[in-house]
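> Sharing a structure here in structure tokens format.
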Ligand SMILES: [Zn+2]
């Protein structure tokens with residue numbers, strides 16, 4: 001006789017679980033989910049089950065239980081799994097998150113046909129992983145962890161935690177890369193095993209991953225992921241993480257915009273969106289960050305944010321001056337193969353970041369590409385959305401931070417498994433830039449179309465003809481005043497130097513033609529960034545230099561027949577508010 005598993009009150013739940021625990025084989029209803037399994041990870045459990053034919057989605061139910069699996073609270077629907085949001089629609093997995101870490105739960109899953117709910121699966125129970133940190137790291141917890149996600153870590157708490165980690169582990173060195181405008185330290189963790197490499201030059205010459213955790217002050221989730229990861233790297237015995245730190249350096253900048261975090265504002269204390277300032281470097285925060293990129297030259301990087309519609313929206317560099325093979329590797333290799341596939345296995349909804357995502361060289365994921373770094377933007381969904389109903393504030397924050405913790409670990413794995421290919425790609429990208437062959441684009445994006453079955457996609461951002469120089473310039477001339485003249489944001493000399501753009505005194509023939517000044521050659525690794533910074537036709541130039549072209553006698557000189565208006569290009573760029 002078929003026996004339907006119906007839960008009417010806690011007593012019935014207890015009876016049902018006792019049956020499961022006794023190993024009884026329950027007869028299956030038609031369309032009942034089977035094969036439910038729960039695998040525990042840091043801050044989430046991956047639930048997986050067998051797909052039910054014809055199901056349009058699945059509901060996930062969580063019940064808190066004691067050590068004997070007796071319910072201690074009500075069952076709640078905490079998840080909606082939609083086959084349209086994953087690359088494996090026939091293999092359901094759901095990253096169940098948003099609980100207090102270390103507590104024990106039982107889960108059931110049911111299919112739905114439209115809104116018609118089918119019978120629940122048999123339950124599966126498990127104790128979730130506690131907050132990471134046995135051994136020497138056991139006593140260290142961030143404010144976020146101490147409150148189980150109910151409050152973010154304050155600046156004071158972050159600095160105390162950072163100093164404690166620095167003091168307690170040989171594997172980490174904390175470097176202050178700069179200060180915010182209001183004087184808050186901008187720290188960077190430098191990890192290696194058994195200890196970090198001694199000097200910046202050594203790190204630059206060896207494999208390095210950069211995790212940039214926080215730039216928009218009101219997007220704090222990945223900062224929490226990074227502080228937790230820092231403790232794990234400092235004290236872990238995990239052989240994979242130890243090997244990663246033995247073979248490469250891991251850099252973590254937990255808080256670039258400390259003033260914005262303290263005020264919970266997107267911008268810095270001046271109101272400047274720092275993720276629109278990675279080319280112009282008007283602010284002390286972006287100046288410090290650019291100098292760090294110049295000196296440490298990471299190969300792989302992530303820029304952490306908090307927005308859009310999936311658990312983990314990601315996007316790579318799209319600016320058309322980025323080396324095409326680097327853009328392709330980020331899109332096809334890192335994002336669409338590595339991240340989407342692994343996210344589907346773990347149960348996170350990953351997808352293309354769709355809230356804008358255009359070509360501005362001012363945005364870090366584009367600047368990464370222009371600096372020959374295999375880098376991505378990583379966002380997460382601010383609200384629980386329809387797929388995670390019933391989430392509390394703290395539960396939602398836990399989901400966001402532990403989701404991004406999972407993501408940055410996959411980035412470390414990706415780099416670890418592809419060291420030599422990535423080194424080769426970075427070298428090819430720099431060589432491509434130095435060769436100065438092919439068109440220059442001021443603004444315009446490589447395509448990033450929808451990725452079936454994931455529905456969302458970034459905007460179309462093809463360049464308009466007036467944003468393209470088919471014949472690339474050979475360099476730019478800057479006058480003495482343009483190069484050395486005082487400016488509120490710092491001289492052009494200072495800011496080009498922070499990028500690592502090489503500038504020379506103008507040669508005699510240019511001086512005779514244009515007067516005393518400075519010469520910026522295009523044949524250098526940051527070639528793709530130079531016209532957006534120095535051309536009068538650029539969208540947001542740092543200064544309007546004189547564009548130089550290769551002349552018939554082989555010199556890099558001003559083209560007499562062309563004169564340019566010193567006007568800011570204004571052909572209708574989108575002004576996105578996210579990313
Ligand atoms: Zn953001």
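> Hey, what's the Kirkwood Rh for the range 408-466 if you take every pair of different alpha carbons, in angstrom? Could you put the intermediate results ahead of the total?
Values: mean 1/r = 0.0671 Å⁻¹.
Kirkwood radius, the range 408-466: 14.9 Å.
> Give, as ranges by residue number, the residues of the range 505-525 whose backbone N falls under 20 Å from the point 7 Å along Cα→Cβ of residue 551.
It comes to 505-523, nothing else.
> Compute the semi-axes of the equivalent ellipsoid of the range 361-509, taking the square root of 5 times each eigenvalue of the Cα gyration tensor, and list them largest first in whole Å. It would help to have the intermediate numbers written out before the result.
On the way: eigenvalues 300, 81, 70 Å².
Computed over the range 361-509, the values are 39, 20, 19 Å.
> Quote the FRET efficiency, to the nearest 0.05, computed for residue 166 versus residue 512 with a Förster distance R0 of 56 Å and r equal to the Cβ-Cβ distance.
About 0.50, to the nearest 0.05.
> Could you give the semi-axes, largest first, of the ellipsoid that matches the range 373-434, computed as the square roots of 5 times the alpha carbon gyration tensor eigenvalues and rounded to whole Å? Please list the in-between numbers first.
Details: eigenvalues 258, 32, 10 Å².
Taking √(5λ) for each Cα gyration eigenvalue gives 36, 13, 7 Å.
> Once you have all Cα-Cα distances for the range 445-546, histogram them in 10 Å bins from zero and send the whole-percent values.
14, 39, 25, 14, 6, 2, 0
> Before rounding to the nearest 500, sum -39500 (n - 2.57) across all DSSP H runs of length at least 4 in the chain and divide by the residue total; then give [θ] at 222 nm in deg cm²/dmol. Please report the intermediate quantities before stating the final value.
Numbers: 17 runs with 164 residues, N = 579.
-8000 deg cm²/dmol, from helical runs alone.
> If you rank 445, 31 by fewest surrounding Cβ atoms within 10 Å, what's the result? Could you put the intermediate results ahead of the total?
Numbers: 445 23, 31 17.
Going from least to most buried by this count: 31, 445.
> To the nearest 10 degrees, how steep is helix 155-168 against the longest Cα principal axis of the chain, on a 0 to 90 scale?
Around 90 degrees separate the two axes.
> In Å, what Rg and Dmax follow from the Cα atoms of the range 264-379?
14.3, 43
> Ok, one more. If each Cα of the chain is one equal point scatterer, what is log10 of I(q)/I(0) from the Debye formula at q = 0.05, 0.12 Å⁻¹?
Here log10 of I(q) over I(0) equals -0.24, -1.14.
> Continuing with the same structure: Limiting things to C-alpha atoms, what are the Rg and the maximum Cα-Cα separation (Dmax) for the range 71-116, in angstroms?
Reported Rg and Dmax, both Å: 12.9, 36.
> Given Cα pairs under 8 Å that are at least 6 residues apart, what percent is the relative contact order of the range 201-340?
On the way: 175 pairs, mean separation 48.1, N = 140.
Taking the mean separation of contacting Cα pairs over the length of the range 201-340, I get 34 percent.
> Using only Cα atoms, tell me the angle between helix 393-417 and the longest principal axis of the chain; keep it within 0 to 90° and round to the nearest 10.
Helix 393-417 and the main axis of the chain meet at about 60 degrees.
> Here's a follow-up. Compute and list, largest first, the equivalent-ellipsoid semi-axes of the range 190-257 from the alpha carbon gyration tensor, each √(5λ) rounded to a whole angstrom.
Sorted largest first and rounded, they come to 22, 15, 8 Å.
> Using alpha-carbon positions, what is the distance between the centroids of the range 48-66 and the range 230-274, in Å?
The distance from the Cα centre of the range 48-66 to that of the range 230-274 comes to 35 Å.
> Let me ask something additional. Work out the P(r) tail for the range 100-143: percent of alpha carbon pairs separated by more than 15 Å, whole number.
Of all Cα-Cα distances in the range 100-143, 63 percent exceed 15 Å.
> If you don't mind, there's one more thing I want to ask. How high is the FRET efficiency from residue 200 to residue 270, r the C-beta distance, R0 30 Å, rounded to 0.05? Mind dumping the intermediate values first?
Working: r = 29 Å, r/R0 = 0.96.
Once rounded, the FRET efficiency stands at 0.55.
> So what are the three principal axis dimensions of the range 518-558 from its Cα atoms, in whole Å, longest to shortest?
Dimensions of the range 518-558 along the principal axes of its Cα atoms: 32, 21, 16 Å.
> May I ask for the angle, rounded to the nearest 10°, between helix 10-21 and the longest principal axis of the chain, with both axes built from Cα atoms and the value confined to 0 to 90°?
80 degrees
> For the chain, calculate the relative contact order in percent as a whole number, restricting contacts to Cα pairs under 8 Å that are 6 or more residues apart. Write out the running numbers ahead of the final one.
Values: 1291 pairs, mean separation 74.6, N = 579.
Result for the chain is 13 percent.
> Give me 250, 65 ranked fewest to most by other Cβ atoms within 10 Å of their Cβ, as a rough exposure proxy. Walk me through the intermediate numbers first.
Working: 250 28, 65 22.
Fewest-to-most ranking of 250, 65: 65, 250.
> For labels at residue 77 and residue 116 in the simple 7 Å Cα→Cβ model, what's the distance in nm?
1.6 nm
Throughout, read-outs are computed from the coordinates displayed, never taken from laboratory work. In this text, all values refer to a predicted model and were calculated from it rather than measured experimentally. Cβ sites come from the backbone with ideal geometry, for glycine too, and all protein chains shown count toward neighbours.
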